[in-house]
1. Of the numbered conditions (1) in contact (Cβ under 8 Å) with a residue 60 or more places away in the chain; (2) closer than 22 Å to residue 244 by Cβ, residue 224 fails exactly one; give the number of that condition.
2. Check the stretch 32-41 and report whether any residue there is more than 19 Å from residue 157 (Cβ to Cβ), open to solvent by 10 Å² or more (accessible area, probe 1.4 Å) and touching a residue at least 60 places away in the same chain (Cβ under 8 Å).
3. Would you pick out the residues in the stretch 265-313 that are within 19 Å of residue 152 (Cα to Cα), of a type in the set (A, V, I, L, M, F, W, C) and modelled with pLDDT of 80 or more?
4. If I ask for residues that are among the hydrophobic types (A, V, I, L, M, F, W, C), free of Cβ contacts under 8 Å to residues at least 60 places away in the same chain and assigned to a loop (DSSP other than H, G, I, E, B), which ones from the stretch 2-31 would you list?
5. Which one is most open to solvent (accessible area, probe 1.4 Å), of the residues in the stretch 169-199 that are over 16 Å from residue 241 (Cα atoms) and either among the charged types (D, E, K, R) or at pLDDT below 95 (or both)?
6. Considering each residue of the stretch 285-342, count those that are of a type in the set (D, E, K, R) and in a helix (DSSP H, G or I), and give that number.
Amino acid sequence: MQAAVHTANSNNLKIVSDFEIPKPKPNQVVIQVQASGVCHSDVYFLSIFPDDPREYIMGHEVTGVAVNLGHNVKHIKKGKRYCVLALGGCVSCFAKENGVTITPGEDINTEFNSLPYLGLGGNGGHAEYVVTDAKFLVPVPDNVPAEYAAVAADAGTTAWHAVKKTAGVKKGEKVLITGIGGLGLFAVQYAVYLGAEVYAVDMRPSSRELAIKYGAKQAFSLPELDAALAKGFSADVAIDFVSTDITLSKEYSAVSKVSINSGLSHNGRIVLVGIGDQVLAIKAFSGFLSAVHIMFSLYGTEDDLAEVLDLISKGHITPVVEKHPLHEANQVYDDLRANRILSRAPYRPIPVLVFILNCYETLIKQPFGANVLAKHVSS
């Protein structure tokens with residue numbers, strides 16, 4: 001089968017056509033891939049783990065059709081469409097299942113390099129087939145296109161969990177969202193859906209235009225946000241998909257408006273979602289006075305993914321995507337690195353890249369394996 005393979009000491013993927021089609025072990029299912037998303041996390045991990053010695057197929061935003069069931073698999077039907085939950089279960093359980101010993105306090109690089117996560121250490125979805133545990137599969141509604149389902153598996157799920165579960169966004173709240181890429185554009189739509197008044201921040205005019213198009217009341221560049229803060233702009237919640245010292249400081253200014261007479265109940269929440277390696281700092285005294293809650297949010301649950309697919313199915317949320325053939329994988333990643341993609345795998349301002357291997361629209365008319373790559377515009 002065709003696949004885009006990570007090799008040691010390289011920032012590029014190796015496109016092969018002779019990778020062995022996987023066979024299911026007990027409790028596993030082989031999925032014929034329809035679409036596989038490209039994520040900024042892929043670029044990040046390729047950059048910080050250049051010496052990862054493992055060879056594996058990348059791609060952790062995966063959807064497709066169940067075609068081969070292992071022994072003991074129940075509740076999964078051949079011919080039905082599913083999304084794969086990329087990070088399911090606890091890390092220690094996952095390590096034990098894969099015969100890996102995790103040492104408390106060990107370096108995060110060492111831990112990552114030892115665990116075969118889907119598409120990040122273990123074989124993922126940038127291929128015609130992928131094998132996964134049946135417990136990580138979530139049914140896809142019939143009217144959800146494959147490219148939408150793929151980006152829902154990570155970008156959509158991560159943003160929904162951050163907005164609804166971690167931040168706890170409520171109707172009428174003012175929400176400031178920084179980084180209108182694949183996840184950020186999802187977050188804008190989610191916050192609007194939940195009844196919030198949404199403000200967006202991005203340095204790219206095209207990203208700001210997308211935010212307005214999908215419901216944001218106003219979209220700032222960083223200098224424009226500074227000017228607004230100077231005039232008293234504030235927010236109840238800030239959700240950061242960039243996670244830098246600069247973005248955190250501006251968000252802190254926006255959510256830290258609290259008076260001594262308020263009883264110091266927390267007045268604002270900051271949720272950090274973007275992956276980065278900067279050291280982020282807040283002055284302790286200011287933090288005590290403002291009682292701002294600063295939280296990190298990672299991925300989501302099976303229920304989150306099911307809810308996202310339902311929101312897409314009912315037309316409440318519309319992912320922005322582009323489609324590309326699998327053999328263009330390296331060009332798509334280069335575009336993502338250079339911020340030429342708007343959302344997810346059309347991550348233009350910061351979209352989401354999606355490899356489509358059998359577009360949903362032609363699923364019935366054509367045989368599987370049509371190797372098309374889709375970019376999703378929204379991160």
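The values are calculated or read from the model by the stated rules, or taken from the named source; none is laboratory data. Please read all numbers here as calculations on a predicted model, not as lab measurements. Cβ coordinates were reconstructed from backbone atoms using ideal geometry, including for glycine residues, and neighbour counts include every protein chain displayed. For accessibility, only protein heavy atoms count, side chains too; no ligands or nucleic acids. Shrake-Rupley method; radii C 1.70, N 1.55, O 1.52, S 1.80 Å.
1. Tallying (1) in contact (Cβ under 8 Å) with a residue 60 or more places away in the chain; (2) closer than 22 Å to residue 244 by Cβ, residue 224 fails exactly one: (1).
2. Yes, there is a match, as at least one residue in the stretch 32-41 is more than 19 Å from residue 157 (Cβ to Cβ), open to solvent by 10 Å² or more (accessible area, probe 1.4 Å) and touching a residue at least 60 places away in the same chain (Cβ under 8 Å).
3. Narrowing the stretch 265-313 to residues within 19 Å of residue 152 (Cα to Cα): 273-275, 297-313.
Subset that is of a type in the set (A, V, I, L, M, F, W, C): 273, 275, 298, 305-306, 308-309, 311-312.
Across the stretch 265-313, the qualifying residues are 273, 298, 305, 306, 308, 309, 311, 312.
4. Residue satisfying the conditions is 8 alone.
5. 171
6. So the count comes out to 9.
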